[in-house]
Amino acid sequence: MGEHLRRVPRPKLSRTMAMPQDRGQAPIAAEDETGHTGFRSVLGNRDFRLVWFAQVAAQLADKFLMFSLIILAYRLSHGSTPVAVTLLAYTVPAVAIAPLAGVFADRHDRKLIMVSTNFLRAALIALIPVAGLVPGLRSDYLHLLVITFAFAAVGQLFSPAEAAAIPTIVSRRALIAANSMVLGTMVITLVLGGALAPIASRADIYAPYWTAVVLFGVAGVLTSMARIPRRLARRDPALERRHPFHQLALDLKAGAGALGSSPGLLLAFAELSLAVLVMFMMFTLAPAYVSQVLGIEDQDSYVILVPATVGALLSAATLGQLGRRFRPSHLLVGALVATGLTLVLLAIVPAGLRQVPAAHEYTRWVSAGFSLLLGLEFGVLMIPALSYLMENTSDGVRGRIFSLLFMVVNGVTALPVLLTAALSDWFGINHVIAGLGLVLVGAGAAVVRYARRFFESGAPPR
């Protein structure tokens, strides 16, 4: 009798996936029962491992193309203006299409979006070398512009889908480690793309494009092998009766409303945008800085770019292992103020050392040291903010919020390219860098009182 009354144990949920909270939600990643949150634990997750390897391939292909398009556009047009127009064709879709892409990612199968966009981007890029075989198109610049715009537009569908999918395959506690790997991938592929694209183009002007086709194909295959949960959409008769553009406006409003309803999300959103601004400012201002402030050739911009890259990678590695031991508010506000102070010092100290004959030879080393600090601070700015956005947004609007982020980020990164040259000509490059630093210090001082209340309550997780 007692044997029959014994309670039957309830089946345990998979360590990888938990049950969805409601029918409109995709399954969310369960907490890691071992409590491990480092790189080894994250890479032990088969689905994230496949998505991450796919991201490595796709990011490297994308950066290959970004630098290769500059080379090819100049070769076809023999002018700087067409090169600038090509770069605009590469970035404009990010601002114009990103919000629509977020709505699309929230209403459709994210895995299908990621796989399809990788294969479609491979097909579009293959058109560039194929067009080079056609006599009428070989020296034509317009086809390059059209293909670039289409490629960038398709890419906007991928980013929100990937950002919204990661929290469904990685546990909440492991998000910092996962995002550290994502950041490390972005930095490494940016550097490798800038270094390898010119080398590949010397061997053959179309070699980078065939390489990108293969890499996007590999990314598509790897993503197709990952188990990314589908979001179970509800059938709502009211939605079906609405005009598609009306529904689109409501969807965008819902994403913006979810972001605006939380001061913590707004702060994390703003800090992510600032972090990307700092990184692109480094790349944009580097040639002018080493020439005007350090007094060396503009080709020697590696003097500050390499240390900044190393710093970002060190930051990603450290936070990936130890990031959960620190309060997000301390990391975010501290990094914001520290980044601003470092920018001010980078602008003032090396220029001052050049005026002292005995210290002149140390100018490069001091600049490299400040650049290393900037890279470290960039990682501390970006990784916790990205993790906070992923942890504190619901699955139903996460794609839209990240699409808004990508739209703002791409708009922000265009500012240094468009404004830095004019500002540095008017005021001097060191004054521009110092001014940006003071803005960041002021922003950190303004939010320090509210950051802890907005970002967390209680002790930091262990």
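Some notes on this structure:
- The range 38-87, residues that are β-branched (Val, Ile, Thr) and either outside the structural domain of Thr211 (by TED's automatic domain parsing) or modelled with pLDDT of 80 or more (or both): Val51, Val56
- Within the option set Leu346, Leu341, being surrounded by fewer than 24 Cβ atoms within 10 Å (Cβ to Cβ), at pLDDT 85 or above and part of a helix (DSSP H, G or I) holds for one residue only, Leu341.
- Checked against (1) over 24 Å from Arg202 (Cα atoms); (2) modelled with pLDDT under 80, Lys111 meets all criteria but (2).
- Scanning the range 343-397 for residues that are among the polar types (S, T, N, Q) and either under 24 Å from Tyr289 (Cα atoms) or over 27 Å from the mean Cα position of the chain (by Cα) (or both) yields a total of 4.
- The lone exception for Ala256 - which of (1) buried (at least 16 other Cβ atoms within 10 Å of the Cβ); (2) modelled with pLDDT under 70 it fails: (1)
The rows are residues; the columns are (1) more than 19 Å from Arg46 (Cα to Cα); (2) at pLDDT 90 or above; (3) not assigned by TED's automatic domain parsing to the domain that holds Ser68.
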residue: His143; (1), (2), (3): yes, no, no
residue: Ala153; (1), (2), (3): yes, no, no
residue: Ile169; (1), (2), (3): no, no, no
residue: Arg172; (1), (2), (3): no, no, no
residue: Ile188; (1), (2), (3): yes, no, no
residue: Leu196; (1), (2), (3): yes, no, no
residue: Trp210; (1), (2), (3): yes, yes, no
residue: Val214; (1), (2), (3): yes, yes, no
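- Screening Ala98 with (1) within 20 Å of Ala164 (Cα to Cα); (2) out of contact with any Gly (no Cβ under 9 Å at 6 or more places or on another chain); (3) modelled with pLDDT of 75 or more gives one miss only, at (3).
The values are calculated or read from the model by the stated rules, or taken from the named source; none is laboratory data. Quantities reported herein were computed from a predicted structural model and do not represent experimental measurements. Ideal geometry is used to build each Cβ from the backbone, glycine not excepted, and the neighbour counts take in all protein chains shown.
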